[in-house]
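All remarks here apply to the structure that follows.
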Amino acid sequence: SFQVHLTDMCNLNCKGCGHFSNIAKEPRSLELGKYRDDLQQLRSMFWGVERIYLLGGEPLLYQNISEVIKQTRQIFPDSEIHITTNGLLLPKMEDNFFDVVNMTKSHIEISMYPKTYENREEISNVLEKHDLVNTTIIWGRVVFTKKMLKRKHHKSHLTTVITGRMHVIFYKTEN
């Protein structure tokens, strides 16, 4: 697996940010043209890449995220694509973003922060509205709303793994 840092920008200002987004004086973002070339180079060097993580700062702030997802899927057709986000911008994303996520069978991973928890209902509604196929939610000690499990036309699976102080909830649907 490998990680792609899409942008230094973030909509939170977390103390001790592991990506140093809160101290970036001049936030930088991925150059889309170079990204495709880099992906093709990686593809020629490695096979069997299981997962590709799209990260930030906050990756949903990257203006070309849908194109990055499509290019990643095109060059790595068998790899899982994971977009790790705090989830706060999901309600503001265009429908096209969700269409691309579903079309490419990408995974959205939502990390729990206090603001994410405060907005969990709105985030949940967006995920349900767009019928996302692969979603991993890391909500801390809070169990994710079960209304997502009541979707029609899908067989749902919920696995909860307790690791240290944190519940990790994996939610996946299948046709």
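The values are calculated or read from the model by the stated rules, or taken from the named source; none is laboratory data. Being a predicted model, the structure only gives us computed values, none of them experimental. We place every Cβ from the backbone using ideal geometry, glycine too, and count neighbours over all the protein chains shown. For accessibility, only protein heavy atoms count, side chains too; no ligands or nucleic acids. Shrake-Rupley method; radii C 1.70, N 1.55, O 1.52, S 1.80 Å.
Structural remarks
- Positive minus negative residues near MET93 (Lys, Arg vs Asp, Glu; Cβ under 13 Å): -3
- Shown for region 23-134: the carbon plus sulfur share of the solvent-accessible area, taken with all protein chains present and a 1.4 angstrom probe, equals 47%.
- For TYR53, the residues 5 or more places off, or on other chains, whose built amide H falls under 5 Å of its own are PHE2, GLN3, VAL4, HIS82.
- Distance (nanometres) between label positions extended 7 Å along Cα→Cβ at GLU122 and GLU67: 2.8 nm
- Contour minus Cα-Cα distance for MET45 and SER1 (0.36 nm per residue): 14.5 nm
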